[in-house]
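Trainee: Below you will find the structure I want to go over with you.
The values are calculated or read from the model by the stated rules, or taken from the named source; none is laboratory data. The structure presented is a predicted model; accordingly, all values stated were derived computationally and were not measured. Positions of Cβ are backbone-derived with ideal geometry, glycine not excepted, and every protein chain shown enters the neighbour counts.
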Amino acid sequence: MRFLLACLALCACASEDPEEKVVVVRPGSTIDAELHFDRGTALAARGRHTEAIDAYLQAAELAPAYTKVHYNLGNAYVRQLDYPRAIEAYQRVLALDSTHVSARHNMAAMYVKQLNYARAIEEHRRVLALDPGHMSTYYDLSYIYFLRGEYGEVETLLAEGVRRDSSDASFHRLLGRMRFKELSFDLAAEALVRSVALDSSDAATFTDLAQVEMKRRDYPAAEKAARRAIALDRFAKEAYFVLSNALKRLGRREESKQVLVGFRALDQQLDKINDQLRMLGNEPDDHEARAQLGLLYTQQGRFAEAAEAYRLASRIAPDSLRYRNNLGNLYLRLGQPEAAVVEYRVALQLDPNYTMGHYNLGQAFMRLQRFDEALTSLNEAKKQSPQDVEVNYFLGLLHARTGDFDSAAEALAVAVVGRPEFLDARQKLAVAYLKTGRVEESKRELAAIQQMKEEGERR
């Protein structure tokens, strides 16, 4: 199922050709509508779908009959898991142009997301009536029938798909999955091997092949396929489970246990994400669910996806200090300090006494080498939280960078008192003392550092 949804998402998010003829309703709106559309397309390409939607809506207001705006708007809603609004956007496209194949195909994909298979089948059939050569529809339609257990329809559609394009790996993969369901494991393996020969980059196909090889009791082949799946996609949780079972069958029980531990941890993480995705499919305006999704993506290191989740959460709940701060933190991780500054400033407008906001803003200014502004922000953070270790540490670094070693020593000393085991702070404090002629104090810090290192080695 995951493979289908991934395919649908990819199909649904292809941007409309910007050279498409524009139909303009209000005189003089063409240029402005184009500008908003182009800005939306650029933002969408960077994964900033929340802002892209704003741009597309502005373009649509200026030129309501501008089909490609509504089409790309639908695609942006898809990326936000807002399927009802995506369907509405595609319906507006079809109201303007009933022959728009891509909009109808994408709308069918949305009905699949909503488990409305009957409506999805209807729309896919209309796509094929408009364009008998629309290859992705042959796959998508056959998969719906596969989910419904109507294997005769699957067979017919796949045969037609292969006849039209025998090099499409997805057809062979689905055929393999169907043979697996029919317990024809040799035929399943044959189809899946053909699929990976055509496309060796799909982790899900290797996972399917690993499962088939387990049924054929070819455990070395199952291990190989499962490891390939994991190499291609570290989140391929089913592959971990198959790999663990294959290793167990091969008598490598300790390896099997280790893989299973990793599988269970990943399974819990991905289940949480999938729970949030399902929730958002039903309640796209649930800002807490959006924020939770952002947190889960952050924990997995998927910062671009996390940022998009927090952007939309902030849009739905603009007064949330937490959302703005977390979004700013993600911009820093993504190497976008200018964007981070904007979010931290919004957070401080909401609460001028937000210590973490001043601290984070100082961090962003330091990244931008705007040291005067960084100093102002960090001093404000220190005023509100005089003993904060991190605030004083970075204040010390900033003062040292600007040559004010007396102030650097003062701030770093506070950091060391608050966290005596903070070796880097002690080391920089020793340097600051030396720069200000406080040689004995510098020696004391260096001696403390050496003692801590020796104690650590003994432990």
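Trainee: Could you say which residue among E380, E445 is crowded, with 18+ Cβ neighbours inside 10 Å, charged (D, E, K, R) and assigned by TED's automatic domain parsing to the domain that holds N329?
Mentor: Within the list E380, E445, the selection yields E380.
For every residue, the table says whether it meets (1) under 27 Å from Y71 (Cβ atoms); (2) out of contact with any strand residue (DSSP E or B) (no Cβ under 9 Å at 6 or more places or on another chain); (3) not aliphatic (A, V, I, L, M).
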site	(1), (2), (3)
A95	yes, yes, no
L115	yes, yes, no
E123	yes, yes, yes
L128	yes, yes, no
I144	yes, yes, no
E155	no, yes, yes
R164	yes, yes, yes
R173	no, yes, yes
L187	no, yes, no
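Trainee: Let me ask something else. Which ones in region 201-225 are modelled with pLDDT of 95 or more and small (G, A, S)?
Mentor: Answer for region 201-225, where residues must be modelled with pLDDT of 95 or more and small (G, A, S): A210, A221, A222, A225.
Trainee: Taking region 400-456, which residues are β-branched (V, I, T) and touching an Asp or Glu at 6+ places or on another chain (Cβ under 7 Å)?
Mentor: Hit for region 400-456 is T436, nothing else.
Trainee: Let me ask something additional. State yes or no: is S142 surrounded by 15 or more Cβ atoms within 10 Å (Cβ to Cβ), touching a residue at least 60 places away in the same chain (Cβ under 8 Å) and not aromatic (F, W, Y)?
Mentor: Spelling it out, it is not the case that S142 is surrounded by 15 or more Cβ atoms within 10 Å (Cβ to Cβ), touching a residue at least 60 places away in the same chain (Cβ under 8 Å) and not aromatic (F, W, Y).
Trainee: Shifting gears a bit: Under 8 Å between Cβ atoms, at least 6 apart or on separate chains: pull out the pairs that start in region 202-220 with a residue that is farther than 11 Å from R177 by Cβ and end on any residue that is among the aromatic types (F, W, Y) and surrounded by fewer than 20 Cβ atoms within 10 Å (Cβ to Cβ).
Mentor: D202/F3; E213/Y219; K215/F185; R216/F185
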